[in-house]
């Protein structure tokens, strides 16, 4: 359910919840609510990085395309996630593509105003530093995995990571509540669609996962972690 007002959402968002009232009011005044249909671009390479976005509802996909036109998916983000954070630390335009993976609503905050609030509220600045650092570390781990890990290990790592963000537990395990095609999974782990199909079949045979349409159920996370770390 989408919050009825920007002000309510700003006060409830974990990244912004402990700001003082005047800072909440400033963000409410300068921000815009943006509704995007599925597949609509939030930004693309060359777009000025002058806006910070926070997801109110929906899912966005972040990706990068090489000179040969091959796409590598960098990640998916959902409600309460802050995106566009690299604009805080440099003045370069975006070199990635961000698009709505499903119908999505964003809170758009001008970068200059967001920085003003950060300067007034050091804990927010520290959270932003941690966010940039954590995402950089995750990207470095992805690169290391692409270079040195098997497709099965990369797949296990992906499913565990998606489970942390999109997971919902039931009696069977943890359901990854994000529907991905084998082609999209291949883009996330740097493999071919055929390799992904065979690897998923192997994980199912080993009772590490189950599949339900385009959704994956993590059945044995202990063994998935062992495979990821092998």
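Read-outs throughout are calculated quantities, based only on the coordinates presented, and are distinct from any laboratory measurement. These numbers come from a predicted model, not from an experiment. Reconstructed Cβ throughout: ideal geometry from the backbone, glycine too, with neighbour counts over all protein chains shown.
In cubic angstrom, how much convex hull volume per residue do the alpha carbon atoms of region 149-229 span? Intermediate values should be presented prior to the final figure.
Details: hull volume 6.4 nm³, N = 81.
It is 79 Å³ per residue.
Just subtract the alpha-carbon distance of residue 126 and residue 164 from 0.36 nm times their residue separation and send over the number in nm, one decimal. Each step should come with its number before you reach the end.
Details: separation 38, 0.36 × 38 = 13.68 nm, distance 2.28 nm.
Additional length available on full extension: 11.4 nm.
Rg and Dmax in Å for region 6-146, alpha carbons only: what are they?
Rg, Dmax (Cα atoms, Å): 15.1, 49.
Over region 6-146, what is the relative contact order in whole percent, taking alpha-carbon pairs under 8 Å and six or more residues apart? Intermediate results must be reported in sequence, preceding the final value.
Details: 237 pairs, mean separation 44.4, N = 141.
This gives 31 percent for region 6-146.
Give me 97, 5 ranked fewest to most by other Cβ atoms within 10 Å of their Cβ, as a rough exposure proxy.
The order, fewest Cβ neighbours first, is 5, 97.
Please compute the contact order of region 149-229 in relative form: average sequence separation of alpha-carbon pairs under 8 Å and at least six residues apart, divided by the residue count, as a percent. Could you put the intermediate results ahead of the total?
Numbers: 110 pairs, mean separation 31.9, N = 81.
With pairs under 8 Å counted, the relative contact order is 39 percent.
Take the chain, connect every pair of alpha-carbon atoms lying under 10 Å apart with a spring to form a Gaussian network, then pick out the residue of 190, 173, 69 with the largest mean-square fluctuation.
69
Could you give the semi-axes, largest first, of the ellipsoid that matches region 67-206, computed as the square roots of 5 times the alpha carbon gyration tensor eigenvalues and rounded to whole Å?
After diagonalising the Cα gyration tensor, the semi-axes are 31, 18, 15 Å.
Label residue 226 and residue 33 with points 7 Å out from Cα along Cα→Cβ: what is the distance between them in nm?
Distance between the two pseudo-spin positions: 4.9 nm.
Compute the angle between helix 193-205 and the longest alpha-carbon principal axis of the chain, please, reported from 0 to 90 degrees and rounded to the nearest 10.
70
Using Cα atoms only, what is the angle between the long axis of helix 151-166 and the major principal axis of the chain, expressed in degrees (0 to 90) to the nearest 10?
It works out to around 40 degrees.
Measure off 7 Å from each Cα along the Cα-to-Cβ vector at residue 67 and residue 172, then give the distance between these two points in nanometres to one decimal.
It is 4.5 nm.
Relative to the longest principal Cα axis of the chain, at what angle does helix 111-120 sit, 0 to 90 degrees, rounded to 10?
Tilt relative to the chain: about 80 degrees.
When the Cα centres of region 178-199 and region 203-229 are compared, how far apart do they sit, in Å?
14
Would you give the gap between the C-alpha center of region 43-121 and the C-alpha center of region 12-27, rounded to a whole Å?
A separation of 20 Å, based on Cα centres.
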